[in-house]
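Engineer: Would you mind keeping the following structure in view while I ask a few things?
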Amino acid sequence: MANTIKVRAKAVGDGVAQVRILISHPMSIDQMDPATGQVKAPGHYIREITCAHKGATVFAADWGQAVSANPYLEFNLKGAAAGDALTVSWRDNKNQSDSGEFKIT
């Protein structure tokens, strides 16, 4: 899966940047057969997401099936300035992944 990450990172003053991330991903859950209780269609969901700034991980999360499709997250990053780079990456339960580098404006 390529080009699934959109990031808007904006310096808001005093060394703080507001980071907004949108990931295009189905985030589907396991479909169970009610008669047998067995999984008839496995889910497809992001398991790990990380964001790095200046080589250090500043955000990391372990996700599961409870996260909605096309997840959006937002956080403030201290110690950031306009022009700095952020690296965002994710990996899902089917071993698909995507990553990208984005500039803070």
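The values are calculated or read from the model by the stated rules, or taken from the named source; none is laboratory data. Everything numeric here is computed off the predicted structure, so don't read it as measured data. Don't worry about glycine lacking a Cβ; one is built from the backbone with ideal geometry, like all the others, and counts go over all protein chains shown.
Engineer: If you go through region 62-84 one residue at a time, do you hit one that is surrounded by fewer than 11 Cβ atoms within 10 Å (Cβ to Cβ), assigned to a strand (DSSP E or B), among the polar types (S, T, N, Q) and without any contact (Cβ under 8 Å) to a residue 12 or more places away in the chain?
Structural biologist: no
Engineer: Can Thr50 be described as of a type in the set (Ser, Thr, Tyr) and part of a loop (DSSP other than H, G, I, E, B)?
Structural biologist: Considered against the rule, which asks whether it is of a type in the set (Ser, Thr, Tyr) and part of a loop (DSSP other than H, G, I, E, B), Thr50 comes out as no.
Engineer: Out of Ala61, Ala35, Ala11, Ala17, report the one residue that is aliphatic (A, V, I, L, M), over 13 Å from Leu86 (Cβ atoms) and more than 13 Å from the chain's Cα centre (by Cα).
Structural biologist: It is Ala35.
Engineer: Among the residues that make up region 22-31, is at least one of them at pLDDT 95 or above and in a strand (DSSP E or B)?
Structural biologist: yes
Residues checked against (1) at negative phi; (2) at pLDDT below 95; (3) not basic (Lys, Arg):
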| site | (1), (2), (3) |
| --- | --- |
| Ala2 | yes, yes, yes |
| Val16 | yes, no, yes |
| Leu73 | yes, no, yes |
| Gly83 | no, no, yes |
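Engineer: A follow-up question, please. How many residues does region 85-105 hold that are surrounded by 11 or more Cβ atoms within 10 Å (Cβ to Cβ), assigned to a loop (DSSP other than H, G, I, E, B) and not β-branched (Val, Ile, Thr)?
Structural biologist: 3
Engineer: For residues that are in contact with a strand residue (DSSP E or B) (Cβ under 6 Å, 6 or more places away or on another chain) and of a type outside the set (A, V, I, L, M, F, W, C), scanning just region 26-43, find the one that is nearest to Asn70 (Cα to Cα).
Structural biologist: Residue satisfying both the conditions and the ranking: Pro26.
Engineer: Of the residues in region 1-21, how many are surrounded by fewer than 17 Cβ atoms within 10 Å (Cβ to Cβ), in a strand (DSSP E or B) and in contact with a Ser or Thr (Cβ under 9 Å, 6 or more places away or on another chain)?
Structural biologist: The total comes to 3.
Engineer: Still on this structure, please answer the following. In region 17-51, what residues are hydroxyl-bearing (Ser, Thr, Tyr) and under 13 Å from Arg91 (Cα atoms)?
Structural biologist: The answer is Ser24, Tyr45, Thr50.
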